[in-house]
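Quick notes on the structure that follows.
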Ligand SMILES: Nc1ncnc2c1ncn2[C@@H]1O[C@H](COP(=O)(O)OP(=O)(O)OP(=O)(O)O)[C@@H](O)[C@H]1O
């Protein structure tokens, strides 16, 4: 419980929600999943408990991800999920509503921004501010973005991959593509269906990606036993899958990410490009942990690539640190203010 109006930073991600409380650090990290009873429209579970229900629900219960591709696809459920996480963080009886900064992908439209601000104020914020994901990721990765020096951040989450060049606290060039961790999982599911006639679930695909996935050939091939359902016989089967196969399955998706990095570099002013070439590219987000993705991008660009320490938490940490500069957000520097006072 962190009542009494402690300010809060929220990384509202497609895959997970992380909550940072000023003075406490990251206090909550749960999957962005909500289980709903279709008959009554009541929420049955949120976060980890709801994730366990994914793919395992009876007819009247649906386990849904209210954010898709990094933006709100189901507004009402997102608001309920935010309210649940905010209450879990602050306790139900708060005397002062907190100021809340929420992190959004760099490509979101004004309408989508408005939806996040409204959902956050509806869920209990005194004032809601937005910060763009690459800025938060850069702060969380420990980069000093306030100086006139170019940094390139590649933040790969579940739904979006944000590539941005940052200097003097602002985004100079950026792109956001909807190819990230979830698309890797989908590619693995497609591969299993096409190559092996086997249907696997989202969670199995994600485990395969984490255990044997790769974006660049591994020096030593690794394998994994995978369970699924044979599409012809309809029966459960076990099959051994190699990392080489997953490399194949992910080729198209990881190439799109390398292309996005390349296209941003092409548009980067020469002075900043020289800084990036000296200092390297920094990768953040859970998707950055895909084996060999750093190597692939480095090979394509000829620039060293580093994975930030604690890559999954960078955006939440950076959003939290931005709470200390809320006066800048209030003056509208990198974020948008909204909601009620
Ligand atoms: N070791 C790993 N290897 C590969 N992928 C991983 C690994 N660990 C986590 N991931 C993937 O990272 C993704 C989640 O990353 P993250 O938590 O940064 O996303 P998010 O912030 O929720 O999403 P977004 O920024 O798109 O809204 C998931 O697709 C997950 O499968």
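The values are calculated or read from the model by the stated rules, or taken from the named source; none is laboratory data. Here the structure is a predicted model, which is why all the values come from computation and not from measurement. Note that each Cβ is placed from the backbone with ideal geometry, even for glycine, and that neighbours are counted across all protein chains shown.
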TODO: Could you please find all residues in the range 36-51 being under 16 Å from residue 79 (Cα atoms) and within 14 Å of the ligand (Cβ to nearest atom)?
DONE: 47
Open item on the list: If residue 186 meets every condition in (1) modelled with pLDDT of 90 or more; (2) over 22 Å from residue 298 (Cα atoms); (3) touching a helix residue (DSSP H, G or I) at 6+ places or on another chain (Cβ under 8 Å); (4) more than 16 Å from the ligand (Cβ to nearest atom) apart from one, which number is that one?
Closed with: (4)
Open item on the list: One residue is enough: does the range 269-290 have a residue meeting the conditions exposed (fewer than 14 other Cβ atoms within 10 Å of the Cβ) and over 30 Å from residue 141 (Cα atoms)?
Closed with: no
- [ ] For residues that are more than 16 Å from the ligand (Cβ to nearest atom) and assigned to a loop (DSSP other than H, G, I, E, B), scanning just the range 272-316, find the one that is farthest from residue 134 (Cα to Cα).
- [x] 302
- [ ] Please go through the range 107-120 and pick out each residue that is assigned to a loop (DSSP other than H, G, I, E, B) and surrounded by fewer than 20 Cβ atoms within 10 Å (Cβ to Cβ).
- [x] 107, 109
TODO: Answer with yes or no whether residue 49 is modelled with pLDDT of 80 or more, assigned to a helix (DSSP H, G or I) and surrounded by 17 or more Cβ atoms within 10 Å (Cβ to Cβ).
DONE: no
Task: Inter-residue pairs, beta-carbon under 7 Å, first within 18 Å of residue 231 (Cβ to Cβ) and in the range 172-193, second at pLDDT 95 or above and within 12 Å of the ligand (Cβ to nearest atom), 6+ apart - done: 187/250; 187/253; 188/205; 188/208; 188/209; 188/246; 189/205
Open item on the list: I'd like to know if the range 121-128 contains one or more residues that are closer than 20 Å to residue 318 by Cα, within 11 Å of the ligand (Cβ to nearest atom) and either surrounded by fewer than 24 Cβ atoms within 10 Å (Cβ to Cβ) or modelled with pLDDT of 85 or more (or both).
Closed with: no
Open item on the list: Quick check on the range 211-255: of everything there that is loosely packed, with under 14 Cβ neighbours inside 10 Å and touching a residue at least 60 places away in the same chain (Cβ under 8 Å), which residue is farthest from the chain's Cα centre (by Cα)?
Closed with: 217
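Let's see how each residue does on (1) modelled with pLDDT of 85 or more; (2) within 16 Å of the ligand (Cβ to nearest atom); (3) closer than 27 Å to residue 127 by Cβ; (4) outside the structural domain of residue 103 (by TED's automatic domain parsing):
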| residue | (1), (2), (3), (4) |
| --- | --- |
| 1 | no, no, yes, yes |
| 13 | yes, yes, yes, no |
| 29 | yes, yes, yes, no |
| 34 | yes, yes, yes, no |
| 56 | no, no, no, no |
